[in-house]
Each structure stands twice: as structure tokens, then as C-alpha cells.
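Novice: I am attaching a structure below and will ask some questions about it afterwards.
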Amino acid sequence: MNKVELVGRLTKDPEIKLTTNQTQFCNFTVAVDRRFKDQNGQRQADFINCVAWRQTAVFIQKYFRKGNRIGLVGSIQTRSYDDQSGQKKFITEVVIDEAEFVESAGAPAGDVYRPEPASPVPTQSFNPPSADSVAASAPTAPNMQIDAPVSGGFEEGQSGELPFEI
């Protein structure tokens with residue numbers, strides 16, 4: 001199984017490019033914090049190269065900017081090529097299948113774009129926090145458990161109100 005799940009911050013604004021066949025794609029790097037601090041108490045980060053194709057690339061370019069936290073699901077892919085001097089170069093990158101909002105500034109957390117045939121790109125707007133706002137540097141909320149009992153239920157395709165606030 002080849003599956004990668006990442007949560008990190010974009011290192012620059014994503015840009016859409018086109019292949020010679022006019023297929024849209026987007027290369028970007030995500031800074032992902034390591035789980036543990038180093039000997040000096042500093043948290044290290046890995047800079048992971050990613051590529052998204054077609055509607056997923058458009059979604060990322062449209063809704064995310066440098067510094068935004070992003071959740072990604074994909075797979076690792078390796079490839080090689082010969083550079084101008086004839087030396088073989090190897091590339092390892094994550095091919096993105098899904099992208100989702102991690103921060104909730106302007107967009108509900110957990111919104112996910114999973115490309116499906118004939119599925120339009122979501123049309124909600126996303127306004128990233130300004131650099132001087134508290135939200136730009138705030139940590140994410142901890143996982144919370146809601147102990148209120150839920151009465152009844154919803155069938156697929158139905159909506160309604162929950163008996164408690166989230």
C-alpha cells in the first residue's frame with residue numbers, strides 16, 4: 001500500500017502550469033513539522049515536494065496561499081531524468097489525490113475536495129487570515145468529545161439541526 005497523509009504549511013503560493021497536452025498541474029512544497037523537538041528544544045520540519053493534477057491543482061491554487069495549513073492525501077512517486085550534463089537525477093514527490101482545509105478562517109474545517117467524475121470544483125470562498133491576525137499563528141483546536149446524546153438520526157441526503165451546538 002502506498003498512501004501518504006500530510007498536514008503542513010505551503011512554502012509559497014501555488015501556481016497552475018500546463019503540460020504540452022494542456023493538462024493542468026501544480027507543483028508545491030509543504031513544510032511538515034516533525035513530531036519531536038531536537039536537542040535544543042526546537043521543532044524541525046521536513047519540506048515535502050508535492051504535485052497535484054487537474055481539478056485538484058485548480059482547487060489548491062484557488063483556495064490556498066503561502067503559509068496556509070493544508071491537509072493532503074496522496075501517494076509517493078519516484079522518477080528520474082538525465083540533466084543537461086548527462087547526470088541522472090532522481091525525484092521523489094507526493095502525488096496528491098485529496099486536499100482539505102485545516103484552518104477554519106473563512107472556510108469550515110474538514111471541507112475536503114475529492115475529485116469525482118463530473119464533480120464541480122467547490123464554489124465557497126476562502127479568505128486567508130491576515131499576517132497580523134491571531135488566527136495566522138494560532139494552533140488548531142484540540143479534539144473534543146461531545147457527550148450530549150443524539151436523538152433520532154438522518155438518512156442519506158437529509159439535513160436537520162443537531163440537538164447541541166458544535
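A short reminder: the numbers here are calculations on the coordinates, not readings from a lab. Bear in mind the structure is a predicted one, so any value in this text is a computation, not a measurement. All Cβ positions, even for glycine, are placed from backbone atoms using ideal geometry, and neighbour counts span all protein chains on display.
Novice: Just to be sure I understand, how many residues within region 45-95 are in a loop (DSSP other than H, G, I, E, B) and in contact (Cβ under 8 Å) with a residue 40 or more places away in the chain?
Specialist: Final tally of qualifying residues: 5.
Novice: Out of Arg65, Arg69, Arg43, I need the residue that is touching a Gly at 6+ places or on another chain (Cβ under 9 Å), of a type outside the set (S, T, N, Q) and farther than 19 Å from Ile91 by Cβ. Which one?
Specialist: The conditions single out Arg69.
Novice: Out of region 33-79, which residues are surrounded by fewer than 17 Cβ atoms within 10 Å (Cβ to Cβ), within 22 Å of Leu18 (Cα to Cα) and of a type in the set (Phe, Trp, Tyr)?
Specialist: Once the filter is applied, which keeps residues that are surrounded by fewer than 17 Cβ atoms within 10 Å (Cβ to Cβ), within 22 Å of Leu18 (Cα to Cα) and of a type in the set (Phe, Trp, Tyr), region 33-79 yields only Trp53.
Novice: Please identify the pairs in which a residue from region 33-44 that is part of a strand (DSSP E or B) has its Cβ atom under 7 Å from the Cβ atom of a residue that is loosely packed, with under 10 Cβ neighbours inside 10 Å, counting only partners at least 6 apart or on another chain.
Specialist: Pairs that qualify, where the first residue is part of a strand (DSSP E or B) and the partner is loosely packed, with under 10 Cβ neighbours inside 10 Å, are Gln44/Asp38.
Novice: Among the residues of region 4-16, write down those that are among the charged types (D, E, K, R) and in contact with a strand residue (DSSP E or B) (Cβ under 6 Å, 6 or more places away or on another chain).
Specialist: Residues satisfying the conditions are Glu5, Arg9.
Novice: Could you tell me how many of the residues in region 9-26 are in a strand (DSSP E or B), free of Cβ contacts under 8 Å to residues at least 60 places away in the same chain and not aliphatic (A, V, I, L, M)?
Specialist: Going through region 9-26 one residue at a time, the tally reaches 4.
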